[in-house]
Amino acid sequence: MWTYEKKLQFPVNIKNPDPSFAKIVISQVGGPDGELSASMRYLNQRYAMPYDRVRAMLTDIGTEELAHLEMVAAIVYQLTRNLSMEEIKASGFDVYYVDHTTGVWPQAASGAPFTSSYFQSKGDPIADLVEDMAAEQKARVTYDNLLRATNDPDIIQPLTFLREREIVHFQRFGEALDYVQSQLDSCNYYQYNPAFDK
């Protein structure tokens, strides 16, 4: 169970709508390296994790990723609010608008809808943690790409915060991987799956 604070983890206050940027930042809502994938990945992996401290970390980070999903959704909403049909057509946002008006819907920048195939839950601590580290690096690269594509400080500030959290999560997953390996046979970490083999 979670306690919900009715505020964003980092403020999002975008003054100038920009449907062209909304078309690409939406990838961090429902794209392959987006926040929805991250939250589902970690919140599902925690069930098979045999180590309490790593399970707790997966819960913490998975919950934080839901907060990041909320932030990116707020960015998309603020970039598309109060648009005229002329602005929607001129920006190419009409393709999205036809199906979703200006509602926030999980998809990649390419238009591909969110799918659970974007994340993995293997049930093996080492496999899952290596997956998690790679996912955080890929999300950081996506934020790098988004930051290069805008010069609006109202967009840059929350994206920079989100990028920094990807780095912190990568480091935490690395620490968790070290811990898991310390619990296993140092000559062969892959001798058995501690989440399954007893």
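The values are calculated or read from the model by the stated rules, or taken from the named source; none is laboratory data. Here the structure is a predicted model, which means the values were calculated and not measured. Using ideal geometry, Cβ is built from the backbone for each residue, glycine included, and neighbour counts are taken over all protein chains shown.
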For this session: Please name all residue pairs, on different chains or six or more residues apart, with Cβ atoms under 9 Å, provided the first residue is in segment 88-102 and is more than 12 Å from SER20 (Cβ to Cβ) and the second residue is among the small types (Gly, Ala, Ser) and in a helix (DSSP H, G or I).
Result: THR102/ALA22
Exercise. Given (1) surrounded by fewer than 15 Cβ atoms within 10 Å (Cβ to Cβ); (2) within 30 Å of GLU175 (Cα to Cα), where does THR101 come up short, assuming only one miss?
Worked result: (2)
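Criterion first (surrounded by 14 or more Cβ atoms within 10 Å (Cβ to Cβ), at pLDDT 95 or above, more than 30 Å from ASP197 (Cβ to Cβ) and of a type in the set (Asp, Glu)) does GLU131 satisfy it?
no
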Exercise. Using beta carbons and a limit of 9 Å, which pairs, at least six apart or on different chains, have the first residue in segment 1-18 and at negative phi and surrounded by 10 or more Cβ atoms within 10 Å (Cβ to Cβ) and the second one part of a loop (DSSP other than H, G, I, E, B) and polar (S, T, N, Q)?
Worked result: PRO17/ASN82; ASP18/THR150
Exercise. Can you spot a residue in segment 150-161 that is in a loop (DSSP other than H, G, I, E, B), surrounded by 14 or more Cβ atoms within 10 Å (Cβ to Cβ), of a type in the set (D, E, K, R) and touching a residue at least 12 places away in the same chain (Cβ under 8 Å)?
Worked result: yes
